[in-house]
1. Mind computing the radius of gyration and Dmax over the alpha-carbon atoms of the range 1-124? Å is fine for both.
2. Out of (1) 66, 60, 44; (2) 66, 54, 45; (3) 63, 57, 51, which label holds the value of Cα extents along the principal axes in Å that was computed here?
3. Once fully extended, how much extra length lies between residue 19 and residue 474, figured as 0.36 nm per residue of separation less the alpha-carbon to alpha-carbon distance?
4. Once you have the Cα-Cα distance between residue 366 and residue 284, take 0.36 nm times their residue separation minus that, and quote the gain in nm to one decimal.
5. Pull out the extension gain between residue 225 and residue 65, defined as 0.36 nm times the separation in residues minus the alpha carbon to alpha carbon distance; nm, one decimal.
6. Return the Rg/Rh value of the range 180-339, two decimal places, where both radii are evaluated on C-alpha atoms and Rh is the Kirkwood radius.
7. Run through every distinct alpha carbon pair of the range 277-390 and return the Kirkwood hydrodynamic radius in angstroms, one decimal place.
8. Counting each DSSP H run of 4 or more residues in the chain as -39500 (n - 2.57), what helix-only mean residue ellipticity at 222 nm follows after dividing by all residues, to the nearest 500 deg cm²/dmol?
């Protein structure tokens with residue numbers, strides 16, 4: 001284990017967080033809030049700590065897969081530990097455990113909250129809470145990957161990208177990782193800016209537009225109103241619906257369109273299935289909930305909003321879907337598992353994994369009938385490598401084991417099964433709301449501190465595609481060689 005290299009990158013992560021904390025401080029200054037000094041103090045601590053960690057330069061700047069996974073896992077944990085402190089110092093969230101839960105939920109773009117009165121937070125607190133979504137959505141490592149090659153560490157960045165990226169496999173959009181990082185962030189920023197402008201044009205205040213866009217594009221879901229998005233106009237809700245769905249798309253689609261590779265864009269099999277699932281799910285829910293709302297237009301709006309919110313694991317709500325018929329709620333739970341596309345900011349198992357899994361099952365069934373048949377599993381006309389298939393199988397085993405163990409652990413609190421089960425689904429898949437006591441009009445404060453730590457681990461594991469957090473538990477990880 002190259003500990004010095006891990007600490008060296010952690011130093012950059014903390015310095016980056018120090019810069020990020022200046023934005024809520026600026027928000028506090030604009031709104032003349034007394035908590036400004038708290039954000040500035042924590043920012044200073046991040047800078048000092050980051051500087052101290054980076055004093056000793058690593059002799060070897062190699063970063064292998066093991067170090068990449070450990071670095072990513074520790075960085076998310078350290079960012080959350082420091083990021084929770086301002087909530088406690090300002091009094092927005094007095095309990096550090098609750099503040100840590102809220103911060104991890106923010107950085108992992110989960111959107112699960114322990115707050116019963118969101119509107120009681122300071123403006124700086126609301127901004128920081130939503131901005132953690134935007135930082136965690138694309139991932140601070142995408143930003144760091146654009147910097148490390150400039151310091152002679154370009155060969156190490158691919159292993160960081162493997163640990164950070166979502167989906168069945170990871171690849172460069174262009175030959176150099178730093179250029180891939182720049183393209184991804186360029187698209188990310190552009191989509192965010194466009195949504196902010198549109199929301200403002202349709203009457204949303206600038207502060208609301210900023211925080212809403214951070215949650216939408218980052219597929220996070222922290223609302224700044226107690227009713228989430230229900231109080232905004234239908235036009236604004238429709239804009240958010242569109243951008244949630246667009247944010248769940250594999251960013252390779254946007255790269256293909258920008259590169260004028262339109263045919264290649266339409267060949268992205270995962271994206272086609274993603275949109276098909278959305279439209280079919282919304283169609284069934286529209287039919288199933290047609291008697292709950294005054295007009296067909298209102299039914300369509302709420303149905304598409306909630307389908308888009310759940311499959312992209314954003315977590316915003318315009319209505320209490322916990323009151324919907326069982327069929328509609330079951331569809332939403334299934335969408336929680338499916339999740340968004342690989343290479344997006346969304347969570348869940350990912351559409352690509354499920355497409356490959358279905359093709360694998362079909363192949364095995366076909367071999368029973370035709371034992372000598374030679375059939376390759378392909379996606380986007382490319383053969384899926386055996387290593388990718390093995391990784392998907394291991395991922396799914398760990399995924400369901402984690403779900404089982406976590407549900408058993410949180411059941412110690414004595415809450416009902418639906419609450420416990422959907423809370424774990426929400427945490428592992430980075431969704432936000434569940435059902436019953438953790439439904440869209442409720443919050444996660446009903447859980448004990450122990451259960452909150454279980455759910456925090458689940459949120460981090462889900463955001464990092466399980467493996468980095470699991471690697472931390474292996475004794476072999478910590479051996480020097």
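No lab work stands behind these numbers, since they all come straight from the coordinates. What you see is a predicted model, and the numbers here were worked out from it, not measured in a lab. Methodologically, a virtual Cβ is constructed for each residue, glycine included, from the backbone with ideal geometry; neighbour enumeration extends over all protein chains shown.
1. Rg and Dmax of the range 1-124, Cα atoms, are 16.0, 50 Å.
2. (3)
3. Values: separation 455, 0.36 × 455 = 163.80 nm, distance 3.33 nm.
Residue separation times 0.36 nm, minus the Cα-Cα distance, leaves 160.5 nm.
4. Working: separation 82, 0.36 × 82 = 29.52 nm, distance 3.10 nm.
So the chain would gain 26.4 nm between residue 366 and residue 284.
5. Result: 53.4 nm gained on full extension.
6. Numbers: Rg = 15.9 Å, Rh = 16.3 Å.
We get a ratio of 0.98 for the range 180-339.
7. When all Cα pairs of the range 277-390 are included, the Kirkwood radius is 16.1 Å.
8. Working: 21 runs with 304 residues, N = 481.
Result for the chain: -20500 deg cm²/dmol, rounded to the nearest 500.
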